[in-house]
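What follows is a short report on a single structure.
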Amino acid sequence: MFFLVKPKNRYLEIFAEGRSEGIITFPTYVPGSYVIRDLERHIVEIDGERLTKNKFRVKKRFRYLIYTASKDQREAISTNDYLFINPPAVFPFMDVYEEYCVKIDTQWRIMTSLRRVEDPQRGEVYCADNYHEFADSPIEASPFLREIQIDETHSISTIDDIDVEMLKKIVEEADKIIQPPKDRKYIFHFRRSDKNFGGIEHRYSSAIVVNWSRKDLATLFAHEYFHRLNVKELVPKDLKHNYENEVYTDLLWFAEGFTDYMALLITLRAKLIKPEEGLKTVLSALHDLTFPGAKRTSLAEASRIAWIKLYKRDENFLNSSVSYYEGGLALAFYLDSKLIRHGRRIDDVFSSLRNIKEYTFEDLDKIAKSLGFHELDLAYKPSYEIFKAIKDDLGIEVTDEGKPYYGLIIEGNTVKFIEDGSPADIAGLMPEDQIVAVDGVNRSLEVRDSVTLEIIREGRLKMIKLTAGKSPGHSLKVKIEGEIAEKVFGKSSVEGKYNTNVI
């Protein structure tokens, strides 16, 4: 299938040609992002008959106009001086196993990992052997676009400034584990925005969009780059994308959470963050495992319900679920700390997986046990069990356990979270309640034995008496010494703490 793309401000006009007339399908989600986006809703004109929300009957040649104003790197944006396309957000498929080619009708510089071809009739086009490769290859273009070389096979595609030395160190350190092919180039697509969207992985590229104030880019770049191995080369056996319906796996805690931990290790080994920062990242992940959601949900279940929980995170998330990113990072840290005592490292897990490629939990468990770790089944137990295991193993102190607390998170004067079974819950507070007075005075809420709150809920003024109770404990403190401190954090002794924002 061939696409001729004519960029316009806020729109892409696309002239497509298939091998014959038939039914085309627009993806409803993008691989690597576990939420139904229904991006086909952006189609405003199409030469064809709509059959379902995302399927059309078309002739061999057809035209469509699609709205493209998303700043999210998982989607597409077209302005009068910039273009970014994540292909599944824009292009349909008919037969996923046929060749797909695209021509961008512009004089701007174009950056993509797609194969460049000089077509006798069409000129410069970019192609992939099948839709899977095509969908996995973002396209970026702009008169201001620069290609910045990191080394012979890695480059940055950007209209903004970026710390090239940082990326060079990440690539050098990560490639010791990834061992990528020397004959295939890799592109980091990077852009600053007024939104902090993070990143998304592709086999031969990654796309990262962050806001102007974000400085902590090292672990983000390392995370997306390590996906070149973990997810793009090593894949959960049941993660078979079909572009239309949810696909389920129990193993996102390994695909994403272990990647998070490897990104942390890479940045620590490259000396791009301080040991204390690395420890704080671990404590932050453990902090999230102290809430009711972690006592109710395993990492395996959190992986399965990513489509309706993590990617649709609401104000009750910490009560009802757990992040497989944070939980997976914590489990990876626990595994690594145990393996260190056996003279092995988490790196050895990935080395062993290379012989399997498409893995199951049984594969992971067998490898872990062969290296000396016998607790990977924690992924199928309530995630709080991971916290308890690490707490007992490393002597982590829960500094606020048993101390007076209300059990809520406040931003400004607005209630954002209420912990199940907490004094705030018992008192009847609700998310989005506006606290306008504490004991008759307009002041910040501080923990006391008892206070009377004046709140506004749905425009109505209410009085609520709030009595402090004992905190189950969320703030953490630890000192790690010896071999684990040295090998994980690069320092013979490292200590740190993480203070919760729950009062």
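Just for segment 239-254: of the residues that are touching a residue at least 40 places away in the same chain (Cβ under 8 Å) and surrounded by fewer than 19 Cβ atoms within 10 Å (Cβ to Cβ), which one is farthest from residue 132 (Cα to Cα)? Write out each step before concluding.
Residues of segment 239-254 touching a residue at least 40 places away in the same chain (Cβ under 8 Å): 241, 243-246, 248-254.
In the following step, the residues that additionally are surrounded by fewer than 19 Cβ atoms within 10 Å (Cβ to Cβ) were identified as 241, 244-246, 248.
Working: 241: 9, 244: 13, 245: 15, 246: 16, 248: 18 Å.
Among those residues, the one meeting the criterion is 248.
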| note | For segment 133-147 the number of residues that are in contact (Cβ under 8 Å) with a residue 60 or more places away in the chain and in contact with a Pro (Cβ under 9 Å, 6 or more places away or on another chain) is 5
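Among the strands (runs of 3 or more DSSP E) confined wholly to segment 79-189, which include 1 or more residues that are farther than 22 Å from residue 220 by Cβ and of a type outside the set (Val, Ile, Thr)?
On the way: elements: 83-85, 100-104, 109-112, 115-119, 123-128, 139-142, 146-149, 154-158.
Fully inside segment 79-189 and qualifying: 83-85, 100-104, 109-112, 115-119, 123-128, 139-142.
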| request: Keeping to segment 190-206, report how many residues are assigned to a strand (DSSP E or B), farther than 15 Å from residue 156 by Cα and polar (S, T, N, Q). | output: 1
| said: When the residues of segment 72-95 are narrowed to those that are farther than 17 Å from residue 17 by Cα and among the charged types (D, E, K, R), which ends up nearest to the chain's Cα centre (by Cα)? | reply: 74
| message | Out of 502, 478, 494, I need the residue that is assigned to a strand (DSSP E or B) and within 24 Å of residue 292 (Cα to Cα). Which one? | response | 478
| Looking at (1) assigned by TED's automatic domain parsing to the domain that holds residue 13; (2) among the charged types (D, E, K, R); (3) loosely packed, with under 14 Cβ neighbours inside 10 Å; (4) free of Cβ contacts under 8 Å to residues at least 24 places away in the same chain, which is the one condition that is false for residue 161? | (1)
| request: Scan segment 241-257 and give yes if some residue there is of a type in the set (Ser, Thr, Tyr) and not assigned by TED's automatic domain parsing to the domain that holds residue 324, otherwise no. | output: no
| field | Lone unmet requirement of (1) buried (at least 20 other Cβ atoms within 10 Å of the Cβ); (2) touching a residue at least 40 places away in the same chain (Cβ under 8 Å) for residue 347 | value | (1)
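Can you find, within segment 448-474, the residue that is nearest to residue 499 (Cα to Cα) among those that are part of a loop (DSSP other than H, G, I, E, B) and touching a Ser or Thr at 6+ places or on another chain (Cβ under 9 Å)?
Within segment 448-474, the subset part of a loop (DSSP other than H, G, I, E, B) is 448-449, 458-459, 468, 471-474.
In the following step, the residues that additionally are touching a Ser or Thr at 6+ places or on another chain (Cβ under 9 Å) were identified as 449, 468, 471-474.
Values: 449: 21, 468: 19, 471: 13, 472: 14, 473: 10, 474: 8 Å.
My answer is 474.
The values are calculated or read from the model by the stated rules, or taken from the named source; none is laboratory data. Model, not experiment: these values are computed from the prediction. A quick note on method: Cβ atoms are made from the backbone with ideal geometry, for glycine too, and the neighbour counts reach across all protein chains shown.
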